[in-house]
Structures are given as C-alpha cells and as structure tokens.
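Asker: First the structure, which I've put down as structure tokens, then a few questions once you've had a look.
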Amino acid sequence: MDKLRSMETFIAVVESGSFTGAAGRLEMSAVMVGKYIALLESQLGTRLLERNTRRQSLTDAGRVYFDEAKRVLEQVSIAESAVERLRAAPAGTLRVTAPTSFGGCVIAPLTATFLQRYPDVRVELDLTNRMVDLVDEGVDLAIRIGDIHNDDLVAKYLCPYRMVICAAPAYLARYGTPRTPADLADHLCLSHTVWTARNEWRLPGVEGEMRWKRDAILRCNDGYGLRMAARAGAGLLLQPEVLVAEELASGRLVQVLENYTPAPRPVHLLWRQDLRPLPKLTQFVAHILQGAEYFGHAVEEK
C-alpha cells in the first residue's frame, strides 16, 4: 500500500474522529481505512490510535506523527501544484542550442521577444557549431541546419537556409559583375574557414555542379568579419542569405550569380520524443516557427 495514502488516511481518521468518517471523506470502505491504519502502525512499530467502542484518541506517537504527516502532505500538495503550474503555463529554465551565426542572427532576437511574453521562463542559449547531444547535455531544444538522421528526436521543419553570393558595389565596379560561374576566374573570394575548408565553392549550373576552387584572398572564422571585409570591397562573399539580408536591403552589398547559388538546406527544430513537452518548450517552438516565418518574408522582400 502507498505510504502517502496511509498518511492521508490517518490524518482523515484523526480529523473526522472515526474510521467511518474517514471512509466517507476518502471514498473508501471503513474496512480499507482500518487496513491502512494497521499497515502504518506496523511499519512504524507503534500504535498511533487508542480505540474503544465509544471513542478514539491519539497516542503520544500518534500526536507527533499527525503533526509531521500533515506537514509532509502539505509539501506534497505544494510540489504537485508547482508542477501543475508548469504544465499549465510556460515557466522554468529552457536550454536551447543553435548554430553560432544563425542562432545569433535569428534565434537570439526571437528569444528576446519570447521572454517578454513569458517572463516566468529563463532561457540558456548555447551558440555552437558542434553537434550537441540533447540527452547527455540536458538540452531541451536544438536548431540544426541540414538533413536529420536521428529517429530518437522529433524534427520540425523551420525554414530554408539559403546561400547567396554578393559583393560591394565598389568591388563590382572595379572587377566587373560575374554573369556565370566561369567568370569567377577573374575574381577574388572571401571564405569562411568552417564552411569552405577546402577553398571550394560548389555552384549548380546547366551542365551540373561546378566547383570553383581558388585560394581565398581572405579566410576568416567569423561571418561578421567577412561581411565587413566584403562591404569594404575585398572580394566576393558566399554567405547565408539571412546573415546578409540587411546589407542587401541597404545596397551595401549586391547579390550576383542569383541563378547559380547552392541549393538551400533545411533548418529543423529538434527535441526528444521520449519526454512529454512542457508548455515552456511547446510555446517556444510555436514562437520560433511564427517568428522565422515573418523573418523569412522580410528576407524575401529585401
């Protein structure tokens, strides 16, 4: 028999004054009430109640146990209420991981607006390009770019991750605007040390994929640094559209070779399927989906 149920039964007997009264309060038979009390006294090794045909009274041990048991059940009730509040409204800490550039540009500002809407939530946002293990590292949600090959995770499509080739107007005025990938032979390129480790751009064309392999005039491990160099006219830049959207909209950078950009890769939200999602996760996912849709429209309307 459940220990908490036995404690609850004992308290009901004391407060109602009889086994019959406790039975009505707990919606069980008086015989079952007696079994719970007998079990509790057996486990404790002492009598808690003195009973005769006319009345019942608490023993010294019973008085001590009654006071402590009430406190225990009150704490259990508080704990259950706290969990119920978590299930009913977003609250608590949410651990999220996302790729460095995409996370900083898209997820971080969307997280800020989410926190304004749900002030009882705290978010730990880990921006990293390494593959985080959600189970081992206790992460609630991951944002990943590319195809997903993990059946243990729930995957929700977020948006396409498009790449664009762009350059500053001053650079194009000096070197000309490339019209086909073949024109790249006369141009300078800027490369990210992670994305283009082989100094190679893979561009689609009418005759299949073209690989433009050339030593970059500048290689950098930071996307922001590459954008600043491109704005200064250092060369052609291949970057995610979402990262250069403001520069393209303002004219500080100009997109080229629009018909030869790499195929977009999917971005997914991932979480464990073995856990029932709490409102803090479900509402965050909904917020990111809605925000990314708006963000995508803003990029397309640049």
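Asker: Among all residue pairs at least 6 apart or on different chains, which show Cβ distances below 8 Å where the first residue, located in segment 273-302, is at negative phi and part of a loop (DSSP other than H, G, I, E, B) and the second is of a type in the set (F, W, Y) and modelled with pLDDT of 90 or more?
Answerer: As it stands, the answer is P277/W271, since those pairs meet every condition given.
Asker: Further question on the same structure: Go over the candidates V64, V83, V121 one by one and state the one that is surrounded by 16 or more Cβ atoms within 10 Å (Cβ to Cβ) and either more than 30 Å from F10 (Cα to Cα) or outside the structural domain of V244 (by TED's automatic domain parsing) (or both). Quick ask: steps written out before the conclusion?
Answerer: Details: V64 fails: surrounded by 16 or more Cβ atoms within 10 Å (Cβ to Cβ); V83 fails: surrounded by 16 or more Cβ atoms within 10 Å (Cβ to Cβ).
The unique qualifying residue is V121.
Asker: Taking segment 29-50 as the region of interest, how many residues are of a type in the set (A, V, I, L, M, F, W, C) and over 16 Å from D2 (Cβ atoms)? Let's see the steps before the verdict.
Answerer: Just the residues of segment 29-50 that are of a type in the set (A, V, I, L, M, F, W, C), to begin with: 30-33, 37-40, 44, 48-49.
Okay, now just the ones that are also over 16 Å from D2 (Cβ atoms), so 30-31, 48-49.
Within segment 29-50, residues that are of a type in the set (A, V, I, L, M, F, W, C) and over 16 Å from D2 (Cβ atoms) number 4.
Asker: In segment 220-243, what count of residues is obtained for those that are part of a helix (DSSP H, G or I), more than 25 Å from the chain's Cα centre (by Cα) and among the hydrophobic types (A, V, I, L, M, F, W, C)?
Answerer: Total meeting the criteria: 4.
Asker: For segment 158-173, which residues satisfy the criterion of being assigned to a helix (DSSP H, G or I) and either in contact with a Ser or Thr (Cβ under 9 Å, 6 or more places away or on another chain) or over 18 Å from L218 (Cα atoms) (or both)?
Answerer: Of segment 158-173, the ones assigned to a helix (DSSP H, G or I) are 169-173.
Once the filter is applied, which keeps residues that are assigned to a helix (DSSP H, G or I) and either in contact with a Ser or Thr (Cβ under 9 Å, 6 or more places away or on another chain) or over 18 Å from L218 (Cα atoms) (or both), segment 158-173 yields P169, A173.
Asker: Here's another thing I want to ask about it. Tell me yes or no: at least one residue of segment 162-172 is closer than 22 Å to P279 by Cα and surrounded by 13 or more Cβ atoms within 10 Å (Cβ to Cβ). Let's see the steps before the verdict.
Answerer: First pass over segment 162-172, keeping only residues closer than 22 Å to P279 by Cα: none.
No: zero hits.
Asker: Residue pairs, Cβ under 6 Å, 6 or more apart or interchain, first in segment 229-243 and closer than 13 Å to V164 by Cα, second at pLDDT 95 or above and part of a helix (DSSP H, G or I). List them.
Answerer: Taking only residues 6 or more apart or on different chains, the pairs are L237/A230.
Asker: So which residues in segment 101-118 are of a type in the set (A, V, I, L, M), crowded, with 16+ Cβ neighbours inside 10 Å and more than 21 Å from L278 (Cβ to Cβ)?
Answerer: V106 - this is the single residue of segment 101-118 that is of a type in the set (A, V, I, L, M), crowded, with 16+ Cβ neighbours inside 10 Å and more than 21 Å from L278 (Cβ to Cβ).
Asker: So which residues in segment 70-119 are assigned to a strand (DSSP E or B) and either without any contact (Cβ under 8 Å) to a residue 60 or more places away in the chain or in contact with a Lys or Arg (Cβ under 9 Å, 6 or more places away or on another chain) (or both)? Spell out how you get there, then give the answer.
Answerer: In the first step, residues of segment 70-119 are kept if they are assigned to a strand (DSSP E or B); the result is 92-98.
Listed by number, the residues that qualify are G92, T93, L94, R95, T97, A98.
Asker: Please pick out the residue among D133, D151 that is within 18 Å of P277 (Cβ to Cβ) and without any contact (Cβ under 8 Å) to a residue 24 or more places away in the chain.
Answerer: Details: D133 fails: within 18 Å of P277 (Cβ to Cβ).
Exactly one of D133, D151 is within 18 Å of P277 (Cβ to Cβ) and without any contact (Cβ under 8 Å) to a residue 24 or more places away in the chain, namely D151.
The values are calculated or read from the model by the stated rules, or taken from the named source; none is laboratory data. Keep in mind the model is a prediction, meaning the values are calculated, not measured. Cβ sites come from the backbone with ideal geometry, for glycine too, and all protein chains shown count toward neighbours.
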